[in-house]
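Following: one structure in structure tokens, then a few remarks.
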């Protein structure tokens, strides 16, 4: 267990596991396909503990936030900043895509290869027809809207908890937390103790399971290399490279904001965020890093525990800045792949579509995120089959920076809102700096020390002589010492 703990916290060890898994997948593809079972077991156990933890952490965070002054304005401030951060990610992704134009420099051979992948995926899924005349559209299934409404507002909390629907779970947790916070302390004391014990137990489960991250990295690398053609990765390299580069730049900016808000040195901030960052990079779940992120932002970096416990679970579900950046670059890449130059108004539509798709994908993990790219492609009237065929093949590479950016954006939101409302921030006092105090120095020469020592000796001799004189004076025969007389009863006269 100690070895696994050291390996899971060591980036070089995780890179070594990644390389070993890639070698196994390359030279023993049959074994690489089998190792995917280990990843499924990990995700199952993490989901089993992380989803209830999401509920309990939201409950505690909401209760502590509502106990602060002006709770409504605080929640609105959190929501407004969250929207700004996601919109900023979508805007930057669109701007970078418009400048670098990923997919525009693909040669004819690579373009034909990617087209063959799309055709193969379409043949495997069955023929589909795109009707341009709305009169020939198939009848609308009313159950689709009903499914969306039940996804947003579930009718059974235990069902969404069993199905792992993060969006419905979080909504139920918020409603329950609001009702629980309205009760008095005498009414909710016993239940608070129960939830506290559940909280710690779930944290322990996830921390123990995360010790097996090196095994997960090895198994997923072997599975990916065994099932993915190297030519596909090379053909998508322009998209992958720019997405990873921009995501890492965003992460660096987030760390800089956290360092500034915390007032701590950069190495200390990076050391505190190391554990949740590694979990986000190596696991396929945005909720697996919740316990370590709460510990890092509250205990290690000193931000408000209530704000941390409220924002961290919600940001893992709603604050999907990584997905917004991803969808913007996906849309521009597909447009360039089909030889279509996007006009300025279409770039604006891409930014809006990426922003909306990121919120629509709330509660989705892993490859399910790719399907929501069809919302942006549909707004631009681009074929959505390309997203499902091409990006699913390389999503395991994009998932790590996407999850890391989501985590650090949530930490940035915590750092920004922990300062309190603007009205509560004390203005800086413009006062002149006090003059520097100069220390007082004592310097003695050798002659000074000799004179001082002589004075001390003289004083000592005088004191001795004085004491002898007093003693001789008291012992003379003519001097009578006063006595205390007693009467016959033994009392003093």
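One table, with the values for the structure above:
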{"item": "Those residues of the stretch 224-250 which are surrounded by fewer than 21 Cβ atoms within 10 Å (Cβ to Cβ) and more than 25 Å from residue 115 (Cβ to Cβ), in sequence order", "result": "245, 248, 249"}
{"item": "Residue within the stretch 351-361 that is on the phi > 0 side of the Ramachandran plot and at pLDDT below 85 present", "result": "no"}
{"item": "Entirely in the stretch 2-80, the helices (runs of 4 or more DSSP H) that have 3 or more residues that are under 30 Å from residue 177 (Cα atoms)", "result": "36-66"}
{"item": "Test result for residue 88, out of contact with any helix residue (DSSP H, G or I) (no Cβ under 7 Å at 6 or more places or on another chain), in contact (Cβ under 8 Å) with a residue 12 or more places away in the chain and within 30 Å of residue 347 (Cα to Cα)", "result": "yes"}
{"item": "Test: residue in the stretch 256-267 that is surrounded by 24 or more Cβ atoms within 10 Å (Cβ to Cβ), at pLDDT below 90, under 14 Å from the mean Cα position of the chain (by Cα) and assigned to a helix (DSSP H, G or I)", "result": "no"}
{"item": "Residue among 453, 415, 386 that alone is surrounded by 16 or more Cβ atoms within 10 Å (Cβ to Cβ), assigned to a helix (DSSP H, G or I), modelled with pLDDT under 80 and out of contact with any strand residue (DSSP E or B) (no Cβ under 7 Å at 6 or more places or on another chain)", "result": "386"}
{"item": "Helices (runs of 4 or more DSSP H) completely within the stretch 160-254 that count 3 or more residues being closer than 30 Å to residue 72 by Cα and at pLDDT 80 or above", "result": "185-209"}
{"item": "Residue match in the stretch 48-57 (condition: over 17 Å from residue 194 (Cα atoms), more than 24 Å from the chain's Cα centre (by Cα) and touching a residue at least 40 places away in the same chain (Cβ under 8 Å))", "result": "no"}
{"item": "Hey, residue 3 at pLDDT below 80 and closer than 22 Å to residue 391 by Cβ or not", "result": "no"}
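Residues are listed down the side, and each one gets a yes or a no for (1) modelled with pLDDT of 80 or more; (2) part of a loop (DSSP other than H, G, I, E, B); (3) surrounded by 10 or more Cβ atoms within 10 Å (Cβ to Cβ); (4) in contact with a strand residue (DSSP E or B) (Cβ under 8 Å, 6 or more places away or on another chain):
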position	(1), (2), (3), (4)
93	yes, no, yes, no
102	yes, yes, yes, no
115	no, no, yes, no
118	no, no, yes, no
121	no, no, yes, no
138	no, yes, no, no
144	no, no, no, no
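The values are calculated or read from the model by the stated rules, or taken from the named source; none is laboratory data. Predicted model only: the values in this text are computed from it and were never measured. Glycine also receives a Cβ, built like all others from the backbone with ideal geometry; neighbour counts cover every protein chain displayed.
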